[in-house]
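Taking it in order: structure first as structure tokens, then the write-up.
The values are calculated or read from the model by the stated rules, or taken from the named source; none is laboratory data. Worth saying up front: this structure is predicted, and the values here are computed from it rather than measured. Every residue, glycine as well, gets a Cβ built from its backbone with ideal geometry; the counts of neighbours run over all protein chains shown.
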């Protein structure tokens, strides 16, 4: 169906032309799912957009063709391409803001799409299709969401809207550029299952671009690994993860955080990709543990090493020999000690806070009704020097809590305190010193970076506002901050649109730490980063906490990442905490039923998912009113008591607190998870169990 032939693309930069893609060739058959993986800036997204016939204004195709059923998309005029896109070619962007207009309600945007391509005959049919597709991708309360603007949805909900719109016209090729970035693990796996189902029913071919190796293992038939614009390894997915032959592929896998590891990875990629300092031969030479000097000057041929398995490395046999010397499946290295600073007095306290977006409708105000809260009656404390993690699915209220702490969302009720002093609800009312001490790093860096301001300008803003150092000192601090987040200092002169998604996020993190805060609100800060950079940022955050005593509210949907960094973890479901405790205890049985669901959905590159996904539920909006918020999804549902009574807090033997009506021995005995690799197995197996 799709054939990419010797694709080479250059980008214009301030220092001249940069080769973003170099001689990439591959095929994609009907209904096949091909995954592309690599670090930020490796050229994955550039390859993906060319499959849509799109070439950015700053780019130039130096050579190559992209053929769809023999038709070169790059040679088509703009009018012909417009008829292909949407109907025959679908696209899900990494950043949902690129696919959604901030000025139009979600329902209107969906209707315009399907009406334009003739999928629906009228607006009523378009809205019915929208409700159906929204439910299909796991969006709660479709009728209400259709009346909302994009900014009223969480990042994960925005991305799911984009996915629903991309599949609405049932294209034959779907290009997915980091489609599950920002989604929680349960939604990720349901999206993966949805995409696989669409592939089998409609014979949709897919190019799936991601930095998440665990997700790629669940969906891809074949995997291509890219580095510095080149395809360095291409093989069936199972072989990529069980027998990788390129040193870069092995290093990527070694950088993946493990749920079983209690600390940070000791083995990970060293250095970072420097586009302006690539050697004449192998691009990976400066970072390779297997390299010889000849690699620096010898171009690496794409060599077939097994059926369907090709690699661009003259040293692949030494990689194979090392793999043979290790125990089977052991390519991840060992774990190092997770730094744990002493936790001091309470830094931040939330008392009975409730939060809602927007104002109630005129009718609800007339009836004296408030808008439905996103968070209701929540209590939370974070100590000085503590990393407190919040996990939960999209729309559960994690980011809403962070926005309230950051002064970006007004409380409906309750109280916030900082260093035992009342914390003003609005950012503009807070003293400058308090604003310095609480810094926010957003999930979407595009929302916080000025597209007309260079990187150094963005980084100098907090320095001028809070410290106002001299010019030389300011430049020194900017350079050091860039190096700490693994960005070359030359990036200081670039604009945000000249950076990849991961590079923009690293810039946002650098800006946050330049304020030298006491509390960093990390809102899904790793979701846009590849695994190698994740490892570096985790090291950076751990070192910052250890050296400076900075506390963090760490919001994430990646349970393995949370386990490596957080001291305590709270599990949030529909605005209520259902479990809280020391992070190690959260991942030990007995689990709250929702914690167990999150663990069951956790993807792994070691094997295809073989665990049962619990059924998705579309909420009516009435769950939890006087009862358990999780009742409608809980497999331990006990009837009226769950519907009508708020569950009590129960304390496990290890100190983990769970809010559930079911006695702890029953939760332990009926667990679906067999504890291995640090997760304990206890109780009799009265129901089938599944290893994490």
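What are the residues in the range 419-471 that are outside any loop (DSSP other than H, G, I, E, B), touching a residue at least 40 places away in the same chain (Cβ under 8 Å) and in contact with a strand residue (DSSP E or B) (Cβ under 7 Å, 6 or more places away or on another chain), if any? Hits for the range 419-471 are 437, 438, 439, 440, 441.
If I filter the range 94-112 down to residues being at pLDDT 90 or above and outside any loop (DSSP other than H, G, I, E, B), which single residue comes out as farthest from residue 184 (Cα to Cα)?
Taking the range 94-112 first, the residues at pLDDT 90 or above are 100-112.
Imposing the further condition that a residue be outside any loop (DSSP other than H, G, I, E, B) reduces the set to 106-112.
Working: 106: 21, 107: 24, 108: 26, 109: 25, 110: 23, 111: 27, 112: 29 Å.
Only one residue tops the list, namely 112.
Here 250, 170 are screened, and the one residue that is in a loop (DSSP other than H, G, I, E, B) and either touching a strand residue (DSSP E or B) at 6+ places or on another chain (Cβ under 9 Å) or under 29 Å from residue 274 (Cα atoms) (or both) is 170. The residues in the range 21-37 that are crowded, with 18+ Cβ neighbours inside 10 Å and either over 20 Å from residue 246 (Cβ atoms) or without any contact (Cβ under 8 Å) to a residue 12 or more places away in the chain (or both) can be counted, and the count is 3.
Given the structure, is residue 40 closer than 27 Å to residue 213 by Cβ and either free of Cβ contacts under 8 Å to residues at least 24 places away in the same chain or buried (at least 22 other Cβ atoms within 10 Å of the Cβ) (or both)?
Yes: the conditions hold for residue 40.
Got a sec? Which of 439, 443 is touching a helix residue (DSSP H, G or I) at 6+ places or on another chain (Cβ under 6 Å), farther than 20 Å from residue 347 by Cα and assigned by the TED database to the domain that holds residue 520? Please lay out each step first, then the result.
On the way: 439 fails: farther than 20 Å from residue 347 by Cα.
Being touching a helix residue (DSSP H, G or I) at 6+ places or on another chain (Cβ under 6 Å), farther than 20 Å from residue 347 by Cα and assigned by the TED database to the domain that holds residue 520 holds for just one of 439, 443, which is 443.
When 436, 426, 476 are checked against the criterion of being modelled with pLDDT under 95 and either surrounded by fewer than 21 Cβ atoms within 10 Å (Cβ to Cβ) or farther than 20 Å from residue 518 by Cβ (or both), a single residue qualifies: 426.
Look at the range 538-571 and say how many of its residues are in a strand (DSSP E or B) and more than 25 Å from residue 434 (Cβ to Cβ).
Looking only at the range 538-571, we keep the residues that are in a strand (DSSP E or B), and these are 551-555, 568-571.
Applying the additional criterion that residues be more than 25 Å from residue 434 (Cβ to Cβ) yields 569, 571.
Total satisfying the criteria: 2.
Are any of the residues in the range 262-283 over 30 Å from residue 562 (Cβ atoms) and surrounded by 22 or more Cβ atoms within 10 Å (Cβ to Cβ)? Taking every residue of the range 262-283 in turn, at least one turns out to be over 30 Å from residue 562 (Cβ atoms) and surrounded by 22 or more Cβ atoms within 10 Å (Cβ to Cβ). When we screen 579, 510, 535 for residues that are touching a strand residue (DSSP E or B) at 6+ places or on another chain (Cβ under 9 Å), surrounded by 21 or more Cβ atoms within 10 Å (Cβ to Cβ) and part of a helix (DSSP H, G or I), the only hit is 535.
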